[in-house]
Amino acid sequence: MIILGVPPVGALDATYQVLPNATSYAARVDITGASDYLFADTDMLGENVPVSVTNVTLIAENGTPVDVNWTKPWNAPSSISFPKGNYTVAYVAPLSNNQIQESYFSPYNVSVNLPGEYDVRNPLLAGLSQGANVTRLPDNSTVVSWNQTTSFEIRFYDQAREDLLYLFAEFMVILATILLLPFFLTRKPPEE
């Protein structure tokens, strides 16, 4: 999760593209009236945890890249600073457990793009925060979006994980049949 220090305004846009190997994602996040950006995740206690990012680019409203100053304190989240203004921050961040979650200080229109080999339609394997709109595209990719949200969470899966779920379900049905069959065979019919 990347923490944004953005003053409240109308909804901004954030786009996340899960890369084909699902070990990282590329993000593009709009920021307004900002002079810095912190790359951090939040742990269970609410503490900021560093997130290692690569390919960081700050893009001005006119589309030109802007130079940034990095601050990388030891064992703390890194941040970039720049002249105050409206920008788009682009970066690549690691992905673990096929899950992305983010929080914002102001409402964002969020879009998460999944390659064709990943899905979110099975509720036993996937997890989506409230308000998610799921669209399956003709090329088998999936777009999950949220409107005017201050946080989101998505957990997705691949075909191998879904096959494993069905295999486990079949095994449980067979096991239940084996365990219950003697009970039904030894049951006495009701007397009249």
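Yes/no per residue for (1) under 27 Å from ASN21 (Cβ atoms); (2) in contact (Cβ under 8 Å) with a residue 24 or more places away in the chain:
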residue: PHE105; (1), (2): no, yes
residue: ASN113; (1), (2): yes, yes
residue: VAL120; (1), (2): yes, yes
residue: PRO123; (1), (2): yes, no
residue: LEU167; (1), (2): yes, no
residue: PHE184; (1), (2): no, no
residue: ARG187; (1), (2): no, no
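Is there a residue in the stretch 91-98 that is at pLDDT below 90, open to solvent by 30 Å² or more (accessible area, probe 1.4 Å) and over 24 Å from THR23 (Cβ atoms)?
No, because not a single residue in the stretch 91-98 is at pLDDT below 90, open to solvent by 30 Å² or more (accessible area, probe 1.4 Å) and over 24 Å from THR23 (Cβ atoms).
Mind telling me which of the residues SER52, SER81, SER103 ends up being among the polar types (S, T, N, Q) and not in a strand (DSSP E or B)?
The match here is SER52.
For the stretch 149-192, name all the residues that are under 30 Å from SER129 (Cα atoms), hydroxyl-bearing (Ser, Thr, Tyr) and open to solvent by 100 Å² or more (accessible area, probe 1.4 Å).
TYR166
Looking only at the stretch 129-148, count how many residues are open to solvent by 20 Å² or more (accessible area, probe 1.4 Å), part of a strand (DSSP E or B) and in contact (Cβ under 8 Å) with a residue 12 or more places away in the chain.
Number of matching residues: 7.
How about the stretch 35-80: which of its residues are touching a Leu at 6+ places or on another chain (Cβ under 9 Å), within 20 Å of ALA14 (Cα to Cα) and loosely packed, with under 13 Cβ neighbours inside 10 Å?
Across the stretch 35-80, the qualifying residue is only PRO65.
Any residue at all in the stretch 60-78 that's modelled with pLDDT of 90 or more, under 24 Å from the mean Cα position of the chain (by Cα) and within 12 Å of PHE39 (Cβ to Cβ)?
Scanning the stretch 60-78 turns up no residue that is modelled with pLDDT of 90 or more, under 24 Å from the mean Cα position of the chain (by Cα) and within 12 Å of PHE39 (Cβ to Cβ).
The values are calculated or read from the model by the stated rules, or taken from the named source; none is laboratory data. Keep in mind the model is a prediction, meaning the values are calculated, not measured. Glycine gets a Cβ as well: all are built from the backbone with ideal geometry, and neighbour counts include every protein chain shown. Accessible surface is based on the protein model in full, side chains and every heavy atom, while ligands, DNA and RNA are left aside. Shrake-Rupley method; radii C 1.70, N 1.55, O 1.52, S 1.80 Å.
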